Amino acid sequence: MQNKSKILICAYACQPHRGSEPGVGWNMVSELANNSQYKYLVATRSYYKTYIEKETIPDNLEFFYYELPQIFIRLKERFNLLRIYYYLWMLGAYIKLRKQKNSFYIIHHLTFVNDWLPSLFVLFKTKYNHFIWGPIGSHSRVNSIFLNSRKEKVIEKIRIFLQTFYRTFDPFFMICKKQSSKIIGINNNVKNKLKLKHKLQHKFISFPAIALSQKQIDEAIYQAKKKRISKETFNIISVGRLMYIKNFHFTISVFAEFLKSIPENEKEKIILTIIGEGSQKNALIEKCKTLNIYKNVQFLGNIPQKEVMNYFSKANVFLFPTLESAGFVILEAMVNFLPVLALNTGGPKQFLKEETENQLVEYDNRMSKMEIINSMASKLKKLYNNSDLINKIGLVNHNEIVNNYTWDKKAKKVISIYNSLK
């Protein structure tokens with residue numbers, strides 16, 4: 001007889017006070033434990049143990065730490081073999097846990113948030129328990145007009161090939177689709193990528209993987225009360241790794257076109273702040289110099305999260321034409337009362353529900369890249385000329401996060417799924 005209160009969670013990435021995958025892992029498991037009486041065992045990497053043990057752990061939350069031998073870690077770091085390491089880690093963790101002969105009523109794969117590699121924790125599935133796969137997702141195919149070099153085009157083709165290969169030929173991927181009681185996609189595009197047969201589509205539900213904590217919301221409100229927008233400066237901010245999927249070349253092109261429309265005596269007060277590091281940094285700096293806008297752009301590199309939030313609180317607009325399917329920084333900008341200028345695709349589209357005509361740039365394959373750049377630059381100019389509109393959109397965005405994208409609300413959604421399987 002299965003103990004219906006015991007849940008095993010696979011959270012390969014799980015670290016407090018972090019964004020991205022580790023943030024999804026930690027925030028979700030801690031909120032799940034705080035919001036229900038289920039007993040959770042979370043399998044995660046030994047790497048995160050020292051960070052987790054500094055936190056207050058609820059009584060109904062335990063961790064199982066596992067790591068592959070050091071030689072695998074060195075190979076992963078030297079040859080960028082993260083996905084292979086992840087695959088082997090799941091297999092090793094499964095074998096180790098299986099030896100403990102624990103039984104679980106629900107097995108939940110939480111991280112990685114990945115819809116083209118399977119979860120080997122599906123091997124725990126029996127006819128007496130349930131397997132939940134997700135949230136899972138991935139970046140959609142990038143439109144070639146946003147790829148700036150042959151190298152980027154090759155990388156994109158390899159990325160799509162690998163995703164298609166695993167979804168088509170990995171037997172564990174097929175097992176995950178068939179054996180899952182529920183599949184949680186970060187958006188409805190995931191269902192199309194999985195190519196679920198009609199009889200399996202009832203398993204699929206959709207909601208984003210990311211959210212913010214109440215502490216982050218409270219801090220944003222506190223900073224907003226102190227905020228005094230200076231008419232002497234106009235601060236535009238963009239945050240993320242400087243890589244092609246984030247589309248920073250496009251960001252700089254938009255900013256350059258926007259500056260062309262500004263009177264010379266006003267240009268000095270306009271600053272674009274770019275926070276993040278990455279392989280494109282030098283090329284982006286050179287582009288700013290070529291476009292003669294370098295004095296209006298500051299590259300801050302990687303800075304502590306608290307400082308990032310400080311820059312958000314002082315900004316007027318968040319400029320983020322990303323090509324990815326998610327991103328914590330979008331939520332962080334929104335909760336800090338900022339308008340978000342983005343493309344009508346991927347992550348921003350699923351979070352920006354109101355004032356979309358002033359924030360999202362529509363485009364299709366008939367448009368040239370320059371037309372899309374000009375469209376976004378004109379929206380930026382509209383915001384520059386209308387501080388009341390900035391305040392209006394900022395409040396709408398903040399309320400969207402408060403009402404729909406907190407970890408507490410997300411955990412309650414997952415718990416309702418658990419309860420439905422009893």
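The values are calculated or read from the model by the stated rules, or taken from the named source; none is laboratory data. As the structure is a computational prediction, the values presented were derived from the model and not from experiment. Reconstructed Cβ throughout: ideal geometry from the backbone, glycine too, with neighbour counts over all protein chains shown.
Some observations on this one:
- Any chance LYS191 is in contact with a Gly (Cβ under 9 Å, 6 or more places away or on another chain) and either over 29 Å from ASN365 (Cβ atoms) or modelled with pLDDT under 95 (or both): yes
- The residues in the stretch 298-326 that are outside any helix (DSSP H, G or I), touching a helix residue (DSSP H, G or I) at 6+ places or on another chain (Cβ under 7 Å) and under 26 Å from LYS226 (Cβ atoms) can be counted, and the count is 5.
- Within the stretch 60-70, the only residue that satisfies the criterion of being under 25 Å from the mean Cα position of the chain (by Cα) and assigned to a loop (DSSP other than H, G, I, E, B) is GLU67.
- Residue check, PHE337 under 25 Å from LYS215 (Cβ atoms) and in contact with a strand residue (DSSP E or B) (Cβ under 6 Å, 6 or more places away or on another chain): no
- Cβ-Cβ distances below 7 Å connect the following pairs, each with a first residue in the stretch 85-103 that is in the same structural domain as LYS127 (by TED's automatic domain parsing) and touching a residue at least 24 places away in the same chain (Cβ under 8 Å), a second residue that is in a helix (DSSP H, G or I) and not β-branched (Val, Ile, Thr), and a separation of six or more residues or different chains: MET90/LEU120; MET90/PHE121; LEU91/LEU120; TYR94/LEU120; TYR94/PHE121; TYR94/LEU123.
- Helices (runs of 4 or more DSSP H) wholly inside the stretch 344-422 that include at least 3 residues being assigned by TED's automatic domain parsing to the domain that holds GLY23, within 30 Å of ASN129 (Cα to Cα) and not charged (D, E, K, R): 407-420
- Residues of the stretch 197-215 satisfying the condition of being buried (at least 18 other Cβ atoms within 10 Å of the Cβ) and among the aliphatic types (A, V, I, L, M): ALA209, ILE210, ALA211, LEU212
- Only one of the numbered conditions (1) outside any helix (DSSP H, G or I); (2) without any contact (Cβ under 8 Å) to a residue 60 or more places away in the chain; (3) in contact with a helix residue (DSSP H, G or I) (Cβ under 7 Å, 6 or more places away or on another chain) is not met by ASN235, and that is (2).
- Any chance THR251 is β-branched (Val, Ile, Thr), within 19 Å of ILE372 (Cα to Cα) and not in a loop (DSSP other than H, G, I, E, B): yes
Residues are listed down the side, and each one gets a yes or a no for (1) in a loop (DSSP other than H, G, I, E, B); (2) touching a strand residue (DSSP E or B) at 6+ places or on another chain (Cβ under 8 Å):
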{"position": "GLN15", "(1), (2)": "yes, no"}
{"position": "VAL24", "(1), (2)": "no, yes"}
{"position": "ASN27", "(1), (2)": "no, no"}
{"position": "TYR40", "(1), (2)": "no, yes"}
{"position": "THR56", "(1), (2)": "yes, no"}
{"position": "PHE72", "(1), (2)": "no, no"}
{"position": "ARG83", "(1), (2)": "no, no"}
{"position": "MET90", "(1), (2)": "no, yes"}
{"position": "TYR94", "(1), (2)": "no, no"}
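- Test: residue in the stretch 218-232 that is among the polar types (S, T, N, Q), surrounded by fewer than 23 Cβ atoms within 10 Å (Cβ to Cβ) and in the same structural domain as SER279 (by TED's automatic domain parsing): yes
- Of everything listed in (1) assigned to a loop (DSSP other than H, G, I, E, B); (2) within 22 Å of TYR418 (Cβ to Cβ); (3) in contact (Cβ under 8 Å) with a residue 40 or more places away in the chain, the single unmet condition for LYS127 is (3).
- Considering ILE7, ILE84, the condition of being at negative phi, touching a His at 6+ places or on another chain (Cβ under 7 Å) and either surrounded by 14 or more Cβ atoms within 10 Å (Cβ to Cβ) or aliphatic (A, V, I, L, M) (or both) is satisfied by ILE7 alone.
- Residue within the stretch 268-280 that is over 30 Å from LYS182 (Cα atoms) and in a helix (DSSP H, G or I) present: no
- Tabulated pairs, the stretch 179-193, first surrounded by fewer than 20 Cβ atoms within 10 Å (Cβ to Cβ), second among the charged types (D, E, K, R) and in a loop (DSSP other than H, G, I, E, B), C-beta under 6 angstrom, 6+ apart or interchain: GLN179/LYS125; LYS193/ASP115
- Any hit, the stretch 254-262, residues being outside any loop (DSSP other than H, G, I, E, B) and touching a Pro at 6+ places or on another chain (Cβ under 9 Å): yes
- Yes/no for LEU68 being surrounded by 16 or more Cβ atoms within 10 Å (Cβ to Cβ), among the hydrophobic types (A, V, I, L, M, F, W, C), at pLDDT 95 or above and more than 23 Å from ILE106 (Cα to Cα): yes
- Enumeration of residues in the stretch 379-398 that are loosely packed, with under 15 Cβ neighbours inside 10 Å and either within 21 Å of ALA209 (Cβ to Cβ) or of a type in the set (Gly, Ala, Ser) (or both): SER387
- Here is the figure for the stretch 111-165: residues that are within 27 Å of ASN27 (Cβ to Cβ) and either more than 21 Å from the chain's Cα centre (by Cα) or small (Gly, Ala, Ser) (or both) total 14.
- There is at least one residue in the stretch 176-184 that is under 23 Å from ILE330 (Cα atoms) and at pLDDT 95 or above.
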